[in-house]
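See below for the structure under consideration.
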Amino acid sequence: MSVFRRTTAGKSPRSGAAAQPHPDAIIWAEGIVKTYDTGTDKVQALRGVDFAVARGEMVAVMGPSGCGKTTLLNSLSGLDTVDGGTIWLGGQDLARLSDRKRTDYRARRMGFVFQVYNLLPVLSAVENVELPLLVSGVKPKEARAKALAALATVDLAKWAAHRPAELSGGQRQRVTIARSLVNDPAIVWADEPTGALDSKTATEIMDLMRNLNQRAGLTFVLVTHDPGIGARCDRIVRMQDGVIVGQEIPRAEPEVVRVPAPAPALAMTGAD
């Protein structure tokens, strides 16, 4: 896998006031700043972060608690606003989208997997998976078909009618992964996706995500504390105190499925 490295001195390429993302990048962020006002103090959670991910790449963001990992994920995905910098996703400048268009873009082009499953307990697995489609206006029959297909992808077709309380932790996380896939996303964001699972189940969930990454060319950005999860990714990005302090390419390992990468991986740097 080839690596695209950004310009010298750890800075992103900028040309005047309107920098453009690299053509191979599905995620391209420059100078991201995020500050939280606690009422008594201002905490700068992100301090001029530059970040890039190639189409089809799986990247792990790692670092100590409070370093800005989840804030970076929320900012890049548009779940949270930023105080400075530019974010491009799939060629779209997030700052140029209205709140409504940004929400629509997330619903149609992104999937989310969290440590807390966020499944509605009164709904079955298939109903939880199809819910985002119904909310976005997809017809019920089409939504049900897509939800069943997504559950089949994560080997839960036989459990479609079961409610979350009737599923194991690993099965519930598979439902959340199916829900993240149901809208055919370009990017899947995962915040501690194995944090609540035992080691065996965590390995199975990572196998599933890696399989989807390689077979379908899905782009994954994972926040994790688990070095074993990071080692399964194409690249590890290290954060500390709101900046990116380094990155590494894990040593190659036997993969679940081996296919050519759809695009070169992009290296990234952080302002320091």
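The values are calculated or read from the model by the stated rules, or taken from the named source; none is laboratory data. Quick caveat: nothing in here was measured; it's all calculated off a predicted structure. A quick note on method: Cβ atoms are made from the backbone with ideal geometry, for glycine too, and the neighbour counts reach across all protein chains shown. With ligands, DNA and RNA removed, areas are computed over all heavy atoms of the protein, side chains included. Shrake-Rupley method; radii C 1.70, N 1.55, O 1.52, S 1.80 Å.
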Determine which aspartates and glutamates satisfy two conditions relative to LYS34: a Cα distance under 16 Å, and not lying fewer than 8 residues away in the same chain.
-> ASP50, ASP80, ASP83, ASP241, ASP272
Name the residue, out of VAL129, VAL243, VAL116, whose mean-square fluctuation peaks in a Gaussian network model built on the chain with Cα pairs under 10 Å.
-> VAL116
To the nearest 0.05, the calculated FRET efficiency linking ASP41 and ALA161 through their beta-carbon distance, R0 being 41 Å, is 0.25
Please tell me the relative contact order of the range 33-140 in percent, rounded to the nearest whole number, where contacts are Cα pairs under 8 Å and at least six residues apart.
-> 18 percent
Lysines within cross-link reach of LYS139: Cα-Cα under 26 Å, excluding same-chain residues under 8 positions apart?
-> LYS101, LYS158
What accessible area, in Å² to the nearest ten, does a 1.4 Å probe give for ARG174?
-> 40 Å²
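What order do you get for 65-74, 51-60 when each peptide is scored by the mean count of other beta carbon atoms within 10 Å, highest first? Write out the running numbers ahead of the final one.
Working: 65-74: 19.6, 51-60: 24.7.
Highest mean packing first, the order is 51-60, 65-74.
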All aspartates and glutamates inside 15 Å of LYS146 as judged from Cα atoms, apart from same-chain residues fewer than 8 positions distant = GLU127, GLU130, ASP155, ASP184
Picking from HIS162, LEU148, LEU46, whose Cα lies most toward the positive end of the charge dipole for the chain (charges on Cβ: Lys, Arg +1; Asp, Glu -1)?
-> LEU148
Contour excess over end-to-end distance, with Cα ends at ALA231 and ALA196 and 0.36 nm allotted per residue | 10.7 nm
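Using the 2.2 N^0.38 Å rule of thumb for compact globular proteins, work out how the range 19-64 stacks up: its C-alpha Rg over that value, please.
Values: Rg = 14.1 Å, N = 46, 2.2 N^0.38 = 9.4 Å.
Relative to the rule-of-thumb radius for its length, the range 19-64 sits at 1.49.
Considering only protein heavy atoms and a probe of 1.4 Å, how much of the accessible area of the chain is carbon and sulfur, as a whole percent?
Details: 6860 of 13090 Å².
After summing per-atom areas, the C and S share lands at 52 percent.
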What spacing in nm lies between the two simple spin-label points modelled at GLN92 and ARG251, each 7 Å away from Cα in the Cβ direction?
-> 4.1 nm
Give me the distance in nm between label points sitting 7 Å out from Cα along the Cα-to-Cβ direction at ASP99 and SER65, one decimal.
-> 3.2 nm
For the chain, longest principal axis from Cα atoms; helix 99-109 axis from its Cα atoms; angle between them, nearest 10 degrees, is 60 degrees
For the chain, restrict the atom set to alpha-carbon positions and state the Rg and Dmax in Å.
-> 18.4, 57
Between ALA149 and LEU123, what FRET efficiency follows from the Cβ-Cβ distance if R0 is 25 Å, with the result rounded to 0.05?
-> 0.90
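How high is the relative contact order of the chain? Use alpha-carbon pairs under 8 Å, at least six apart in sequence, and give a whole percent. Could the numbers behind the result be given before it?
Working: 548 pairs, mean separation 83.4, N = 272.
Relative contact order, the chain: 31 percent.
How much net charge surrounds CYS67 when only other residues with a Cβ under 10 Å from its Cβ are counted (Lys, Arg +1; Asp, Glu -1)? Mind dumping the intermediate values first?
Working: positive: LYS69, ARG238; negative: ASP241.
Once all neighbours under 10 Å are counted, the net charge is +1.
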